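See structure below.
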Amino acid sequence: VFGKMQNFIAVKDATTNKTYMHTPHISGGTTTNPNIVGVSTYDARRMGETPFILLSALFGFTGFEVETGNSFFADPAAVSAHTNSMKINDYFQKIHKRNSLDDKGMRLISTVHIGSKWNNAAWNGKQMLYGDGDGIILGSLAGGLDVAGHEMTHGVIENTTDLIYQDESGAINESLADIFGAYGEMYATGTVDWDMGEDIYTPNIPGDGGLRSLSDPTSVRLSTTYLPSGHYPDHYDDRYLGTLDRGGVHINSSINNKAAYLITDGGTHYGVTVQGIGRTKAEKIFYRALTLYLTPSSGFKDMREAAIQASRDLYKDRNGQPSPETAAVIAAYDAVGVP
Ligand SMILES: CCC(=O)Oc1c(C)cccc1C(=O)O
Ligand SMILES: [Ca+2]
Ligand SMILES: [Zn+2]
C-alpha cells in the first residue's frame, strides 16, 4: 500500500506488478454476502483518445500507473472519477439490486486525462473514459456525477438490451443514459436536478445549465458538435432526421428525456397534462423496461410500449382502468407525440 486517503488505497498488483488506485468497495448485497466491487482508476497522462481506445481494445490497456505517494491522490479528476463510480454503483445496487454494470460484480475501471482538451467522456465497452475538457465549453468531465452515471449506464445497457447506437434505438440508448445519469445523481445528492453535466458545463459561466436539460430540452441550444443551429427537440414531430451524430442519437434522446421528466415530476406539455408519479416509481418502470422489454432495435414506439408494459407489471390496472402510474406513462408519451 503506497498511500492512504479516505478509503482509497494505491495497491501494487502482484501479478502485473502495476500500481493503480483501487478500492474494494462494499456495496449492496446482504450482510452475510456483501457485494465487493473493485474500483480502479488510472491516469492516461493525456494520451490521445484514439490510441488509448485502440490499445484498450487490443491489449486491455487501462492507462498508466498511478503516481506513488500523494501526488495521485491530489488529482481531483482521478478522485472524482473514483468516487463517482462508487456512488453510481451504489445507486444500481441499492435501487435496482444490480451488482455492478454486468450484474456479476465487474470491476469499475475509469481512466482520466484522456487526450488533450478532450470535450468528451465515453464508455468504450469495458470502462469509463474522461477527458479534461477545453476549460471553456467543458471542464474536467470526471467532475460530473451525472456524467459518470451516463457513461456507466451505457455499460448497463451494453450488458442488457445493447440498444443499437444509431437512429431511434441510439436515441433511446442515449436517453436512458441521461435518465439513469440524472436519477443516479439525484439519488446520491438528494437534490432535484434535471440538467446533464451542469457541474462541468462552461466552467467560467455559473448557473447556465448543462449540456442538455431533461425538464426543458428546448432551453438548450444544440452545440456545434451536432447541428450549427436549433435547439434540442421535446416532441417527436420535431425529431432530427439527418445523418449527423449517428442519426441524432444525442439530439432525439431529448424527446424520451422529456417523457421521463413528465412521468416523474408531471406537467402539461403541448396541452397534455401528466400527473407525476415520483422518481422512486419512474426509475423502476424504466429499469424494468430496459432489462425486460426493450430489444437492440427498439425505437420510440417500442420504448412507449415497454414502459407501459413495465408499469402494468409493477402497478396493476384496477377494474380495467390503468393505474395512476400507467396513466402517467401513457399521457407522457402522448404529450411528446410518440404514438
Ligand atoms: C452527459 C455525458 C455525455 O454526454 O458524454 C458525452 C460527451 C460529453 C460527448 C460525446 C459523447 C458523450 C456520450 O457519452 O454519449
Ligand atoms: Ca445533473
Ligand atoms: Zn452517451
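The values are calculated or read from the model by the stated rules, or taken from the named source; none is laboratory data. Computed from a prediction, not measured in an experiment: that's the story for all the values here. Backbone-built Cβ (ideal geometry, glycine too); neighbour counts: all protein chains shown.
Descriptive notes on the structure:
- Pairs are defined by a Cβ separation below 8 Å, a sequence spacing of at least 6 or placement on different chains, a first member in segment 112-131 that is within 13 Å of Ala57 (Cβ to Cβ), and a second member that is small (Gly, Ala, Ser) and in a strand (DSSP E or B); the pairs so defined are Gln127/Ser110; Leu129/Ser110; Leu129/Ala121; Leu129/Ala122.
- Taken over segment 162-220, residues that are among the aromatic types (Phe, Trp, Tyr), within 13 Å of ligand 3 (Cβ to nearest atom) and closer than 17 Å to Leu145 by Cβ amount to 1.
- Across segment 106-161, the qualifying residues are those that are among the small types (Gly, Ala, Ser) and over 19 Å from Thr50 (Cα atoms), and the one among them that is nearest to ligand 1 (Cβ to nearest atom) is Gly144.
- Residues of segment 231-273 satisfying the condition of being within 16 Å of ligand 3 (Cβ to nearest atom), surrounded by fewer than 20 Cβ atoms within 10 Å (Cβ to Cβ) and in contact (Cβ under 8 Å) with a residue 40 or more places away in the chain: Arg246, Gly247
- Failed criterion for Asp195 (all others in (1) closer than 23 Å to Asp90 by Cα; (2) without any contact (Cβ under 8 Å) to a residue 12 or more places away in the chain; (3) touching a Gly at 6+ places or on another chain (Cβ under 9 Å) hold): (2)
- One residue stands out among those in segment 195-219 that are within 15 Å of ligand 1 (Cβ to nearest atom) and over 18 Å from Leu138 (Cα atoms): the one that is surrounded by the fewest Cβ atoms within 10 Å (Cβ to Cβ), which is Pro217.
- Some residue of segment 154-166 being among the aliphatic types (A, V, I, L, M) and either farther than 15 Å from Phe286 by Cβ or near ligand 2 (Cβ under 10 Å from one of its atoms) (or both): yes
Residue-by-condition table, conditions (1) within 15 Å of ligand 3 (Cβ to nearest atom); (2) surrounded by fewer than 23 Cβ atoms within 10 Å (Cβ to Cβ); (3) modelled with pLDDT under 95; (4) closer than 30 Å to Thr291 by Cβ:
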site	(1), (2), (3), (4)
Glu65	no, yes, yes, no
Pro76	no, yes, yes, no
Ser80	no, no, yes, yes
Val112	no, no, yes, yes
Thr153	yes, no, no, yes
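- The residue of segment 280-300 that is surrounded by the fewest Cβ atoms within 10 Å (Cβ to Cβ), among those that are over 17 Å from Ala332 (Cα atoms) and of a type in the set (A, V, I, L, M), is Leu292.
- For segment 173-226, the set of residues classified as in a strand (DSSP E or B), within 16 Å of Ala260 (Cβ to Cβ) and not hydroxyl-bearing (Ser, Thr, Tyr) consists of Asp195, Met196, Arg212, listed by residue number.
- Asn119 more than 16 Å from ligand 2 (Cβ to nearest atom) and within 14 Å of the chain's Cα centre (by Cα): no
- Residue in segment 50-65 that is acidic (Asp, Glu) and within 20 Å of Ala177 (Cβ to Cβ) present: no
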